[in-house]
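Asker: Below: one structure in structure tokens.
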Amino acid sequence: MAYRAQPHHDPYSPHTGHAAYPDYPPAQTAALTPDYPPVAPQQHYAPSNQGYYQDYDAHSNWETKSAKSYHSGYSNSQAHLVHDYPADAIPPLPPLPYQTAQLNYPPMQQMRPGVGWSDAREKLLKQRVVKQIELKEGNLVLDMPAPSFIVPKGMEDSEEMTKLRYTAATCDPDDFMRKKYSLRPYLYNRHTELFIVMTMYNEDEVLFTRTMNAVIKNIAHLCSRNRSKMWGPNGWQKVVVCVVSDGRSKINKRTLQVLSLMGCYQEGVAKDTVGGKDVTAHIFEFTSNVVVSEKGEVSKSACPVQIIFCLKEQNKKKLNSHRWFFNAFGPLVRPNVCVLLDVGTKPTGTSIYDLWKCFDKHSNVGGACGEICVDTGRYCWSILRSPLAASQNFEYKMSNILDKPLESVFGYISVLPGAFSAYRYKALLNGPDGKGPLASYFKGETMHGGNSSAGLFERNMYLAEDRILCFEIVTKKREGWILKYVKSAKAATDVPETVPEFISQRRRWLNGSLFATVHSTFHFWRIWTSGQNPIRMLLLQLEFIYNAVQLMFTWTSLANFYLAFYFLVSSATADNGSEGAFHWLSKGAGTQVFEAFLKLYIALIFVIVVCSLGNRPQGSKWIYAFCMVLFGLCNILTLWCAGYTVWLAVPHTIAGWEDFPKLIQNNAAFRDIVVSLAATYGLYFIGSFMHFEPWHMFTSFIQYMFLLPSYVNILMMYAMCNLHDVTWGTKGDNGSAKDLGGAKKVKNSDGQEMLEVEVPTARDDVDQLWNASRYALSVKPPEQKEHRDAATKQADHDRNSRTNVVLTWVGTNMVMILIFTSSAFTSWVSEHVSQGGDDSTFNPYLTFLFYCLAGLSAIRFVCSAIYLIMRVFGH
């Protein structure tokens, strides 16, 4: 049984019986198996020879921008990220049958003084009219005329391109279908092959248009594949784009204006309550034909795009947004493949097709991800000006070169990044008992609400809900799903460029990944019931063993890094007859250098522990940054000593290199250090050149090596010291602003129950507000810096003051210990102060300490005696 309605059939009609609309979730998973009817006859645009206000330039080099260009060397593999079309430029697109439709764009006009977006909005709200609307299956559904400027001429009879459909949802996402809500793809009986979700919080118009325009470009590429059995000119009807915004009060107003220009949102339509029930989500549906730049420039799209815009009333975090996507809209849309995107991530022109093709070619693929790249900016300026961004660029590239291919070969990728990944919808569905991948994925939403009885381990584990989802898919009983890495599917994203943002982001990543890895490692036996073939099961078993070894080294990374520093520096500075790594400073300077840096290393660990236990990174950013620099100096010292040790160990003549195997066998120091260096840094170079992507070795390797100790000592320490913090870093809303007005139930003259709502009816007001939105976006807003509220600022100040006092107190005492126990002080004492004879343990500070204690005790005794005498004589 399919969820879809047949043509000319009302799925919610009471005459169809209960079987026509099953409870959700259904009792049998077989009922969720896609049963697609034949695709309805497609609509074509009426031909027209007139152009658009701003037209695409359908250059002949469209195909040169396809995935084929991404398989060349590194210069091409990242060139599309650096020199790709900017958000305000129009990418070249292929000529398609429906490009001839005309949009009625007015020229950009200067708004009259005093007549801006706020004035146009206020005028629209004042001129709204109260109307009685018939309920649709007991729900509020409005069809509002779209701005006349974005309706293609010749398509006036197409409801999806002329009317904005608004649905006020008053239920939980899991009850969306049970409450008989519907969506246009469901009502139009369309087969949806790709269901793309873009989640956002308060991202601005620059980030939103960057992602949305990239998605439109990908859909245009699907429509340009005329020889494909699945795609072609009407391929847009098989793609639905869902934008989910987390909280009405949090969304960026300029982003709302972009959505208004696309026809996917209108002011004055949404309602707070419906029949006394609070609205949980405002759902707008429209098939848009325009592309909007961050500056409000509107141009025709190469193809229509079906868009569902879900504006959640409350801020309930990203996991809740995904629950609206999967549990509310998924059963109605019934897609084959779901693509997850974060607003701000920019997939390249064919990335979505490349991901889909992986599912199309391999029927056992349950999930796939592409290559997440750091947006390096024009001429790699972003990573050249920011060592922190450069180190993350190197980390991302090496993960995509070494880690993801390894996991893809085995069939289990430990994490498919939520910023850009795809899943087969069938693989996500729960079993008949209600347990399965989606149930486990959303378990963390209630677990972090404050009312959960789950332990700290489980709550930290579900911080990495994407890792839990990957594990649940691969181990799903008797289905045999695997996960794949698609190298050609690339997407660029921004990375934190400030220390506080970086530490906060990695805190959740590290805590979640650590506990999720422990969970998957200890439940490795579930692969035996996953339905995999024997060879795949053996490969997965080997991967879990490999992950267990990696987990052990992750747990001991703090000690391993310190011990490597200790042994490499101590061996290179030891007084064993050689000159030492620092003989160029002075004779015997190596011992003093080693001692100083050893104590510095321990002191830095102590500082990080104190800061991590009570301070937010935003409140102690300068301490963290200073520690990063000092840890970097320690790593420079370590690498210098390692290189010096190798130089001492290798022969300094050509004859000494003639018998290289014997050299390796007999020279243990040379063998151990060279093998370890070759297995890490040598592998980086070889792997990068093997994939024809070596440029990050020249632009980011040095920065990564400098910050490598901070990845271990600072990020791991902060994460472990904040295990109790199981939040995503944003505060949720417990209430909603009642400023939209409500829809109340009334009865008409016939006694039929209706909804009385206040809606805009003047088309001129809608058009004027649309034009005002264009102009508002064309004016660059003043840059606003984020400010902490007074309570947070005071708390940060108090914590920072406490930390400074603790560090000053402990630091003063530690400095005294270091000074009077140092070899330099003891050598000075033995040369200038020691009196010889049997007084071999003499120390002037000890003498000073003893005499001070004796003097203080004498003063206390004298004063006590004086007090006693005064009492005897009555004073």
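The values are calculated or read from the model by the stated rules, or taken from the named source; none is laboratory data. The shown structure was predicted, so the numbers you read here are calculated from the model rather than taken from an experiment. Reconstructed Cβ throughout: ideal geometry from the backbone, glycine too, with neighbour counts over all protein chains shown. Accessible surface is based on the protein model in full, side chains and every heavy atom, while ligands, DNA and RNA are left aside. Shrake-Rupley method; radii C 1.70, N 1.55, O 1.52, S 1.80 Å.
Asker: Taking residue 306 and the conditions (1) within 22 Å of the chain's Cα centre (by Cα); (2) within 23 Å of residue 773 (Cα to Cα); (3) surrounded by 24 or more Cβ atoms within 10 Å (Cβ to Cβ), which numbered condition does it fall short on, given that it satisfies the others?
Answerer: Single failed check for residue 306: (1).
Asker: Could you tell me how many of the residues in the range 119-139 are among the polar types (S, T, N, Q), open to solvent by 80 Å² or more (accessible area, probe 1.4 Å) and at pLDDT 80 or above? Before the answer, list the steps.
Answerer: We begin by selecting, within the range 119-139, every residue among the polar types (S, T, N, Q); these are 127, 132, 139.
Of the ones still in play, those that are also open to solvent by 80 Å² or more (accessible area, probe 1.4 Å) are 127, 132.
In the following step, the residues that additionally are at pLDDT 80 or above were identified as 132.
Looking only at that region, the number is 1.
Asker: Going by the structure shown, is residue 374 closer than 26 Å to residue 190 by Cβ and in contact with a strand residue (DSSP E or B) (Cβ under 9 Å, 6 or more places away or on another chain)?
Answerer: On the way: closer than 26 Å to residue 190 by Cβ: no; in contact with a strand residue (DSSP E or B) (Cβ under 9 Å, 6 or more places away or on another chain): yes.
Criteria not met by residue 374.
Asker: While we're on this one: Answer yes or no as to whether residue 273 is within 25 Å of residue 420 (Cα to Cα) and of a type in the set (S, T, N, Q).
Answerer: On the way: within 25 Å of residue 420 (Cα to Cα): no; of a type in the set (S, T, N, Q): yes.
No, not satisfied.
Asker: Still on this structure: For the subset of the range 560-578 comprising residues that are among the hydroxyl-bearing types (Ser, Thr, Tyr) and open to solvent by less than 40 Å² (accessible area, probe 1.4 Å), which member is farthest from residue 513 (Cα to Cα)? Show your work before the answer.
Answerer: Initial filter on the range 560-578 (among the hydroxyl-bearing types (Ser, Thr, Tyr)): 562, 566, 570-571, 573, 578.
Applying the additional criterion that residues be open to solvent by less than 40 Å² (accessible area, probe 1.4 Å) yields 570, 573.
Values: 570: 34, 573: 38 Å.
So, considering only residues that are among the hydroxyl-bearing types (Ser, Thr, Tyr) and open to solvent by less than 40 Å² (accessible area, probe 1.4 Å), the one farthest from residue 513 (Cα to Cα) is 573.
Asker: Another question, if that's okay. Output the number of the condition that residue 390 fails; it satisfies all remaining conditions of (1) open to solvent by less than 10 Å² (accessible area, probe 1.4 Å); (2) within 29 Å of residue 471 (Cα to Cα); (3) assigned to a helix (DSSP H, G or I).
Answerer: (2)
Asker: Among 181, 201, 188, which is the only one that is within 16 Å of residue 308 (Cβ to Cβ), among the hydroxyl-bearing types (Ser, Thr, Tyr), open to solvent by 10 Å² or more (accessible area, probe 1.4 Å) and modelled with pLDDT under 95?
Answerer: Details: 181 fails: open to solvent by 10 Å² or more (accessible area, probe 1.4 Å); 201 fails: within 16 Å of residue 308 (Cβ to Cβ).
Of 181, 201, 188, the one residue that is within 16 Å of residue 308 (Cβ to Cβ), among the hydroxyl-bearing types (Ser, Thr, Tyr), open to solvent by 10 Å² or more (accessible area, probe 1.4 Å) and modelled with pLDDT under 95 is 188.
Asker: Now for a separate question. Given the conditions (1) open to solvent by 10 Å² or more (accessible area, probe 1.4 Å); (2) of a type outside the set (S, T, N, Q); (3) within 28 Å of residue 279 (Cβ to Cβ); (4) in contact with a helix residue (DSSP H, G or I) (Cβ under 9 Å, 6 or more places away or on another chain), report the number of the one that residue 250 does not fulfil.
Answerer: Only one criterion in (1) open to solvent by 10 Å² or more (accessible area, probe 1.4 Å); (2) of a type outside the set (S, T, N, Q); (3) within 28 Å of residue 279 (Cβ to Cβ); (4) in contact with a helix residue (DSSP H, G or I) (Cβ under 9 Å, 6 or more places away or on another chain) is unmet by residue 250, namely (4).
Asker: Can you tell me which residues in the range 272-301 are farther than 24 Å from residue 206 by Cβ, touching a Gly at 6+ places or on another chain (Cβ under 9 Å) and either modelled with pLDDT of 90 or more or in a strand (DSSP E or B) (or both)?
Answerer: 273, 274, 279, 287
Asker: Name the pairs: first residue in the range 507-523 and of a type in the set (S, T, N, Q), second residue open to solvent by 30 Å² or more (accessible area, probe 1.4 Å) and at pLDDT below 90, Cβ to Cβ under 7 Å, at least 6 apart or on different chains?
Answerer: Close Cβ pairs satisfying both conditions: 511/723.
Asker: Still on this model: In the set 206, 215, which member is outside any strand (DSSP E or B), out of contact with any strand residue (DSSP E or B) (no Cβ under 9 Å at 6 or more places or on another chain) and under 17 Å from residue 259 (Cα atoms)? Steps first, answer last, please.
Answerer: Working: 215 fails: out of contact with any strand residue (DSSP E or B) (no Cβ under 9 Å at 6 or more places or on another chain).
After applying the criteria, what remains is 206.
Asker: In the range 522-559, what residues are outside any helix (DSSP H, G or I) and open to solvent by less than 70 Å² (accessible area, probe 1.4 Å)? Give the derivation first.
Answerer: Within the range 522-559, the subset outside any helix (DSSP H, G or I) is 523, 530-533, 556.
523, 530, 531, 532, 556 - these are the residues of the range 522-559 that are outside any helix (DSSP H, G or I) and open to solvent by less than 70 Å² (accessible area, probe 1.4 Å).
Asker: List, please: which pairs have Cβ atoms under 8 Å, are six or more places apart or on different chains, and start with a residue in the range 674-701 that is on the phi > 0 side of the Ramachandran plot and end with one that is part of a helix (DSSP H, G or I)?
Answerer: 692/74; 692/77
Asker: Also, I was wondering about something else. Tell me the residue from 258, 274, 241, 292 that is more than 30 Å from residue 222 (Cβ to Cβ), buried (at least 20 other Cβ atoms within 10 Å of the Cβ) and not hydroxyl-bearing (Ser, Thr, Tyr), please.
Answerer: That would be 274, the only listed residue that is more than 30 Å from residue 222 (Cβ to Cβ), buried (at least 20 other Cβ atoms within 10 Å of the Cβ) and not hydroxyl-bearing (Ser, Thr, Tyr).
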